[in-house]
Amino acid sequence: MNQPIKLSLEQQFNIRSFASQVQHMSHEQAKDFLVKLYEQMVVQDATYKELLKHQWGLDSDPAGA
């Protein structure tokens, strides 16, 4: 996976729009936003892991209990 993922034009636009919004945030708003964003990233990571475990059949108890 040496090649970077290419973003669509819509994704690139969304990033620029987001950057513009961030420029107008206060320092306190930005800090609060970062904490919420990090929380969402952690939840997303946990969700992906659970989905993969389920998809690969790793979520079942091998002992049958």
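Could you list, in sequence order, all residues of segment 1-15 that are surrounded by 10 or more Cβ atoms within 10 Å (Cβ to Cβ) and not aromatic (Phe, Trp, Tyr)?
So in segment 1-15, the residues surrounded by 10 or more Cβ atoms within 10 Å (Cβ to Cβ) come out as 7, 11-15.
Answer for segment 1-15, where residues must be surrounded by 10 or more Cβ atoms within 10 Å (Cβ to Cβ) and not aromatic (Phe, Trp, Tyr): 7, 11, 12, 14, 15.
Pairing each residue of segment 31-42 that is without any contact (Cβ under 8 Å) to a residue 40 or more places away in the chain with any residue that is assigned to a helix (DSSP H, G or I), provided the two are 6+ apart or on different chains, yields C-beta distances under 9 Å for 33/22.
So how many residues does segment 16-40 have that are among the basic types (Lys, Arg) and open to solvent by 100 Å² or more (accessible area, probe 1.4 Å)? Outline the logic, then answer.
Within segment 16-40, the first condition is being among the basic types (Lys, Arg), and the residues that meet it are 16, 31, 36.
Adding the requirement that they be open to solvent by 100 Å² or more (accessible area, probe 1.4 Å) leaves 16, 36.
Qualifying residue count for the region: 2.
The values are calculated or read from the model by the stated rules, or taken from the named source; none is laboratory data. Being a predicted model, the structure only gives us computed values, none of them experimental. Cβ: placed from backbone, ideal geometry, glycine included. Neighbour counts: every protein chain shown. With ligands, DNA and RNA removed, areas are computed over all heavy atoms of the protein, side chains included. Shrake-Rupley method; radii C 1.70, N 1.55, O 1.52, S 1.80 Å.
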